[in-house]
Amino acid sequence: MNYVYCSDLKNYQVLGTFLELLYHLKVTKNENPTPIVLVGARDAKKIPALKSFLSEELDIKSGIYRINQEINLNSKIEEKSEAIINKINNIEELQKIEYNDINIGIGIASSLISKYRCTEPDLKQISNELNSYAQQSILFLESFQLIALKEIQVNDTIYIYNGRHYNTYPQSLFCEKIGCNLLYYERMNSWKNLRIQKPRIHDFLATTHIVKSLWEDTNDAEKENIGQSFFYENKKNQFTQNFSEKLDIKKPIISFFSSSEDEFASLDPRINLSDIFENQRKAIEWLITWVATQKKYTLVIRLHPNQGNICIKDYNYWHNLSGKNVVLIPSYSKIDSYDLINQSSKVVSFLSTVGIEATRSSIPSITLGNPIYKGLDAVYEPTNIEQLKHLLENEIKTKDKENTTPYGYYNLKHGPSLDFLHHTGLASFENYPDILNSKCS
């Protein structure tokens, strides 16, 4: 049996990708997927509409639909939640919280970090919301455990969206515990493709073999052109529009391009984001200390435009970075990032796509993390401080830019296309909730 789990009928990304996956399994692969729809009271009225839509449009007439509050598993849910929350003073403590021998804290932390775009939100200030997330996480987990123990067998497959939030991460751990085949799904390529994989979505290092296998196994005669086109198109993305200013620095530049932190600030502890540094902040702090001793280089830190919309605490951290031989380009700057790449003697990154784009622009590139493109011999991949210092302080050649092409091909061609949207006649992915809203009205 194939089960597709969905826990949110309001978020267009979750709902839309859920429906696209069902369409792919049912229509393209001619399988009979079983929806597992587990929602809170907010989405309760949408379940009849969803059942009707799936029956009419996809001929999916059976499924498992549950509303947490109707299950009434635990009349003392508030007490249990408060008992958990009262022990917590910070994100680190939250991430260790378990319920029914399953970690629920990491998913709650990830959800709160994403909502507030803050790597360390003040849990005392948002105690009501923290308590609400804890209650919902417990309800979702208990409900899912009942369903899974009754319905899912060892040889069955279950698809879980993203897998890092309060209503999906504990479920992924429980699926691991009972031993069923667990796959993660998400959308990619600007809403054009489904991403379906066994490694966790944010386990970038474990995903590298997918990039390489796709390239090596395809018979696509156009793969070189397609892979190259990714880098051309990426230069025209939303963050490059109107960025026309140039930086004027006389000394040789080593540039560092930051990544948004909220997507990987609270992940499964088995995921290794870097072989050298605990996190991106430790990496940039080390670079600032290192460059202070250098006479030759200026370290230019280019903050990602997304970092303009983060919480004030994180905003201040990044925008107040400073040091000897350091130039900070704030998130709101109109400095052209691609011009900065071309001005650089070397480009350094943590997980940013800019790392591999630099090689495409014939600039030596060094990654301090474990991005998806690691292992392609497209960037330098130091595994310790000594190797990193050697790469920074000595002349190094640019990696062969053709080694970047498999990554470009992966971004454009991995996964089945999102075809259901065209079938529904909806204008865009964001309109998917309208399907249920119209049937509810």
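Points to keep in mind about this one:
- For region 152-161, the criterion of being under 12 Å from Tyr3 (Cβ atoms), among the aromatic types (Phe, Trp, Tyr) and buried (at least 21 other Cβ atoms within 10 Å of the Cβ) is met by at least one residue.
- Residue check for Ile108: touching a Phe, Trp or Tyr at 6+ places or on another chain (Cβ under 7 Å) and under 20 Å from Ala41 (Cβ atoms): yes
- Residue list for region 401-434, restricted to those being over 17 Å from Arg187 (Cβ atoms) and buried (at least 20 other Cβ atoms within 10 Å of the Cβ): Thr404, Thr405, Pro406, Tyr407, Gly408, Tyr409
- Within the set Leu287, Leu214, the sole residue that is more than 20 Å from the chain's Cα centre (by Cα) and under 18 Å from Ile363 (Cβ atoms) turns out to be Leu287.
- Put simply, of Leu247, Leu267 the only residue that is at pLDDT below 95 and among the aliphatic types (A, V, I, L, M) is Leu247.
- Applying a threshold of 6 Å to beta carbon distances and a minimum spacing of six or more residues, or different chains, the list of pairs starting in region 46-69 at a residue that is modelled with pLDDT of 95 or more and ending at one that is assigned to a strand (DSSP E or B) and of a type in the set (A, V, I, L, M, F, W, C) reads Ile64/Ile36; Tyr65/Val37.
- Counting only strands (runs of 3 or more DSSP E) wholly contained in region 218-331, the ones carrying 3 or more residues that are of a type in the set (A, V, I, L, M) occupy 298-302, 326-329.
- Test: Pro121 is in contact with a Cys (Cβ under 9 Å, 6 or more places away or on another chain), touching a residue at least 60 places away in the same chain (Cβ under 8 Å) and of a type outside the set (Phe, Trp, Tyr): yes
Residue by residue, here is whether (1) of a type in the set (Ser, Thr, Tyr); (2) over 30 Å from Tyr297 (Cα atoms); (3) assigned by TED's automatic domain parsing to the domain that holds Tyr184 holds:
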{"residue": "Phe230", "(1), (2), (3)": "no, yes, no"}
{"residue": "Asp248", "(1), (2), (3)": "no, no, no"}
{"residue": "Ile253", "(1), (2), (3)": "no, no, no"}
{"residue": "Ser259", "(1), (2), (3)": "yes, no, no"}
{"residue": "Ser266", "(1), (2), (3)": "yes, yes, no"}
{"residue": "Arg270", "(1), (2), (3)": "no, yes, no"}
{"residue": "Leu273", "(1), (2), (3)": "no, no, no"}
{"residue": "Asn279", "(1), (2), (3)": "no, no, no"}
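- Yes/no for Ile126 being over 27 Å from Arg200 (Cα atoms), surrounded by 15 or more Cβ atoms within 10 Å (Cβ to Cβ) and without any contact (Cβ under 8 Å) to a residue 24 or more places away in the chain: yes
- Within region 200-215, the residues that satisfy the criterion of being aliphatic (A, V, I, L, M) and in a helix (DSSP H, G or I) are Leu205, Ala206, Ile210, Val211, Leu214.
The values are calculated or read from the model by the stated rules, or taken from the named source; none is laboratory data. Source: prediction; values computed, not measured. Heads up, the Cβs are rebuilt from the backbone with ideal geometry, glycines too, and the neighbour counts pull from every protein chain shown.
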